[in-house]
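The values are calculated or read from the model by the stated rules, or taken from the named source; none is laboratory data. These figures come from a predicted structure and were not determined experimentally. Cβ sites come from the backbone with ideal geometry, for glycine too, and all protein chains shown count toward neighbours. Ligands, DNA and RNA are stripped out before the accessible areas are found, and what is left, the full protein with its side chains, is counted by its heavy atoms. Shrake-Rupley method; radii C 1.70, N 1.55, O 1.52, S 1.80 Å.
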Amino acid sequence: MAELDANLDHIIPSSVLAPFWAKLVVGFVSLVCFARSYDGDFVFDDSEAIVNNKDLRAETPLGDLWHHDFWGSRLSSNTSHKSYRPLTVLTFRINYYLSGGFYPMSFHVVNILLHGGISVLMVDVFSVLFGGLQYSSRGRRLNLAPRSSLLAALLFAAHPVHTECVAGVVGRADLLGALFFLLSFLGYCKAFRETGNKEGTHSTLWVLLSILLGALAMLCKEQGITVLGLNAVFDILVIGKLNVLEVVQKVLHKDKSLENLGALRNGGLLFRITLLASGGAGVLYMRWKIMGTGPPAFTEVDNPASFADSMLVRAINYNYYYSLNAWLLLCPWWLCFDWSMGCIPLIKSAGDWRVIALAALWFCLIGLICQALCSEDSHKRRVLTLGLGFLIIPFLPASNLFFRVGFVVAERVLYLPSAGYCMLLTFGFGALSKHTKKKKLIAAVVLGILFINMLRCMIRSGEWRNEEQLFRSALSVCPLNAKVHYNVGKNLADKGNQTAAIRYYREAVRLNPKYVHAMNNLGNILKERNELQEAEELLSLAVQIQPDFAAAWMNLGIVQNSLKRFEAAEQSYRTAIKHRRKYPDCYYNLGRLYADLNRHVDALNAWRNATVLKPEHSLAWNNMIILLDNTGNLAQAEAVGREALELIPNDHSLMFSLANVLGKSQKYKESEALFLKAIKAHPNAASYHGNLAVLYHRWGHLDLAKKHYEISLQLDPTASGTKENYGLLRRKLEQKQKKD
């Protein structure tokens, strides 16, 4: 190990080799790289996992976190994503509680600090991986590879592929999973601390604690459980000092010296491996039981290769995905928030030029594996094997080998594997430095890579600060990705730029003719622009492609209602409710349809259903009050209005509607108080002043009526009813003056 560290002497100055200073430098670099994201918004998946997740709110019992998935849905539901990460959700809930609401800065700061802490821990992890496990007479672990561990930790801290995990709040699952993963590994190392690494001795308590920490890692992110596999590899190679190639050769030649492996059995290796295997199997069994039903159901657009009929096509594309992941580690310049929906077209024949990437990947992997197994240098064998282990083992859950995953490529799953890459890269720099005299050139290359990566981290962190920059940054990386165009369009629509949004939605539908969500959103905009025929065609196509798409059925009903096709509209609303039983907005729109058809009882029932499902549904409450008011049921309208205000006490529109009812019931004082309260909440509403003026007019407070008529007309000079009433008031005042 001293040789590799000596080869890096010209890169890492001795002044920063003290453990404290090394960790300080790594922590500082990690914070500098991602500090730009500290004041970013909630972006992309943050909306569903945090803002719309009821599990973060105080009214949701803490116990529900253990029965819900990462997005707040019940694990037993067939629509659940099955991502079980209760500890991560718990930290979100604590964030929400401490910051007093959904203030993204506090969430981002925690992520940045977590990455800094993990990067600092990496110094210790790499020192074990590079230098082995040796302790002083006082039981303190010795760092026999200070330069190698520092360089690898710096490369890890500043790797741009980590931006999604750090700058995206939902990336905390990967950060927490990595934190407990590393703690589990270091805990496993401590099992040999008090024994001085003597053969046959270990602390079973630390082994069990390591398994527990691995289970906690899995409760943060599923791939956390793979630490038990890494611990086993470490035990075999470093503690057991097993030469895998030698064992394989002896097995093949039926060498009698294999009996010497009994020493390993006596040394406790098999006992520890059995503990790790049993613990892992137990944790996975419990995870499967908690999941309730089978694995999540993904669609073809999520992972098209997994739906290919040919096993050969699946295998080729999976391997191509692996090569893309390797490229992101090697050259993290083209980063994208989403790699699905046509971003990476399927390889359907061996003649596709992209097959070269597969060949390059396996050429490099086979070369590394051969060196890891066949090198005469035991230290080289160990470092390469552990580096490959750290690269491959945490990636296995995302590899499609054991089960179908819901993505093509995901930068977030490379957070832990990147540690193995950084280890191999550091070893490569050391080997290169050993065989060249241009050591200053090697040092310049290493420092250049670190500087460029830090710069890329800062640029990419800026892109993750808001959705507009994030989505637009993906257009150049994945121009064939329909979801990228959809998200750019949605962002523009939310900002009111419908013309530009239409262009991106149309492109999303062109790239993916079965993209029902893009059709639904495009149909909505066309509906608002009164382009009803095309809106109906798009929405009809959406529900034809996905018959259980409740939102599209509801929007189709709204369009059909606008086209006066009332029977078809009612059928569409009913179909939407059939597929989503708890759909308050659909009940609200169904009530509007019944009101247009003068089916008042049905309208009131539909709106009542909306308020039962969503007690804060202000529009449904308002429509009930107005309908009862217009049909002369003032007492019932008043009762509904009071019920609504008890549930939504600060809703000025409800105050206004109830004030109108009370005025007609000649409860002038109470009506006046509600009108004034509504005006205080919304002072620029012309109708509020106009109706208050009518109240004063009836009440006989003519001067106050004149004042509010004039304010109303200043706010809305075109209000014909207010003009007419104001004219009547002026004539009445003139007559009064003549009498006086």
Notebook entry, point to check: Just one of the numbered conditions (1) closer than 19 Å to Val32 by Cα; (2) open to solvent by less than 10 Å² (accessible area, probe 1.4 Å) is not true of Leu414; which one?
Noted result: (1)
Margin query: Could you go through the range 375-385 and let me know if any residue there is touching a Phe, Trp or Tyr at 6+ places or on another chain (Cβ under 9 Å), within 26 Å of Trp464 (Cβ to Cβ) and in contact (Cβ under 8 Å) with a residue 60 or more places away in the chain.
Written below: no
Margin query: Looking at the range 459-479, can you tell me whether even one residue there is over 22 Å from Ser37 (Cα atoms), under 22 Å from the mean Cα position of the chain (by Cα), open to solvent by less than 50 Å² (accessible area, probe 1.4 Å) and of a type in the set (Gly, Ala, Ser)?
Written below: no
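To keep it simple, each residue is scored yes or no on (1) under 32 Å from the mean Cα position of the chain (by Cα); (2) open to solvent by 10 Å² or more (accessible area, probe 1.4 Å); (3) closer than 17 Å to Leu590 by Cα; (4) not aliphatic (A, V, I, L, M).
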position	(1), (2), (3), (4)
Gln544	yes, yes, no, yes
Ala551	yes, yes, yes, no
Leu556	yes, no, yes, no
Val559	no, no, yes, no
Leu563	no, yes, yes, no
Glu570	no, yes, yes, yes
Arg574	no, yes, yes, yes
Check: Of all residues in the range 605-625, which are open to solvent by less than 40 Å² (accessible area, probe 1.4 Å) and either among the charged types (D, E, K, R) or assigned to a helix (DSSP H, G or I) (or both)?
Finding: Ala606, Trp607, Ala610, Thr611, Ser618, Ala620, Trp621, Asn622, Asn623, Met624, Ile625
Check: Got at least one residue in the range 154-171 being touching a residue at least 24 places away in the same chain (Cβ under 8 Å), open to solvent by 10 Å² or more (accessible area, probe 1.4 Å) and closer than 18 Å to Arg193 by Cβ?
Finding: no
Margin query: With the requirement that a residue be assigned to a loop (DSSP other than H, G, I, E, B) and either over 25 Å from Ser80 (Cβ atoms) or touching a residue at least 60 places away in the same chain (Cβ under 8 Å) (or both), what does the range 270-323 give you?
Written below: Gly292, Thr293, Pro295, Pro296, Ala297, Phe298, Val301, Asp302, Asn303, Ala308, Asp309, Ser310
Item checked: Single condition Gly430 does not satisfy, out of (1) within 26 Å of Asp41 (Cβ to Cβ); (2) among the small types (Gly, Ala, Ser); (3) crowded, with 21+ Cβ neighbours inside 10 Å -> (1)
Notebook entry, point to check: Can you find a residue in the range 335-350 that is open to solvent by 70 Å² or more (accessible area, probe 1.4 Å) and not in a loop (DSSP other than H, G, I, E, B)?
Noted result: no
Margin query: Can you pull out every residue in the range 26-71 that is of a type in the set (S, T, N, Q) and part of a loop (DSSP other than H, G, I, E, B)?
Written below: Asn52, Asn53, Thr60
Notebook entry, point to check: Looking only at the range 351-360, which residues are open to solvent by less than 50 Å² (accessible area, probe 1.4 Å) and either of a type in the set (Lys, Arg) or free of Cβ contacts under 8 Å to residues at least 24 places away in the same chain (or both)?
Noted result: Asp352, Arg354
Check: Just to be sure, is Lys738 in a helix (DSSP H, G or I) and either out of contact with any helix residue (DSSP H, G or I) (no Cβ under 8 Å at 6 or more places or on another chain) or closer than 22 Å to Ser671 by Cα (or both)?
Finding: yes
Checklist line | Evaluation of Ser149 against (1) open to solvent by less than 10 Å² (accessible area, probe 1.4 Å); (2) over 25 Å from Ile452 (Cα atoms) (one fails), failing number | finding: (2)
Item checked: Ile442 being modelled with pLDDT of 90 or more, open to solvent by less than 50 Å² (accessible area, probe 1.4 Å) and over 30 Å from Lys221 (Cα atoms) -> no
Note to self: Cβ-Cβ distance below 9 Å, separation of 6 or more or different chains: which pairs start in the range 123-135 with a residue that is at positive phi and end on one that is in a loop (DSSP other than H, G, I, E, B) and open to solvent by less than 10 Å² (accessible area, probe 1.4 Å)?
What the structure shows: Gly132/Ala145
Notebook entry, point to check: Which ones in the range 272-308 are at pLDDT below 85 and surrounded by fewer than 14 Cβ atoms within 10 Å (Cβ to Cβ)?
Noted result: Trp288, Lys289, Thr293, Gly294, Pro295, Thr299, Glu300
Item checked: Lone qualifier among Leu674, Leu695, Leu713 - being surrounded by 15 or more Cβ atoms within 10 Å (Cβ to Cβ) and over 30 Å from Ala635 (Cβ atoms) -> Leu713
Item checked: Spans of helices (runs of 4 or more DSSP H) in the range 626-725 with at least 1 residues aromatic (Phe, Trp, Tyr) and touching a residue at least 12 places away in the same chain (Cβ under 8 Å) -> 652-664, 668-681, 686-699, 702-715
Margin query: Taking the conditions exactly as written (buried (at least 16 other Cβ atoms within 10 Å of the Cβ), modelled with pLDDT of 85 or more and closer than 28 Å to Val488 by Cβ), does Ala49 satisfy them or not?
Written below: yes
Margin query: Which condition from (1) hydroxyl-bearing (Ser, Thr, Tyr); (2) in contact with an Asp or Glu (Cβ under 8 Å, 6 or more places away or on another chain); (3) crowded, with 24+ Cβ neighbours inside 10 Å is the one that Ser203 breaks?
Written below: (3)
Check: Given Ser106, Ser99, Ser37, Ser127, which one is over 15 Å from the mean Cα position of the chain (by Cα) and under 30 Å from Gly428 (Cβ atoms)?
Finding: Ser127
Check: In the range 417-458, what residues are over 34 Å from the mean Cα position of the chain (by Cα) and among the charged types (D, E, K, R)?
Finding: Lys434, Lys437, Lys438, Lys439, Lys440
Notebook entry, point to check: For the subset of the range 394-404 comprising residues that are modelled with pLDDT under 85 and hydrophobic (A, V, I, L, M, F, W, C), which member is most open to solvent (accessible area, probe 1.4 Å)?
Noted result: Phe402
Notebook entry, point to check: Of all residues in the range 23-46, which are surrounded by fewer than 23 Cβ atoms within 10 Å (Cβ to Cβ) and closer than 12 Å to Ser119 by Cα?
Noted result: Lys23, Leu24, Val25, Gly27, Phe28, Val29, Leu31
Item checked: Among the residues listed as Asn453, Asn512, Asn520, the single one being touching a Pro at 6+ places or on another chain (Cβ under 8 Å), in contact (Cβ under 8 Å) with a residue 12 or more places away in the chain and buried (at least 17 other Cβ atoms within 10 Å of the Cβ) -> Asn453
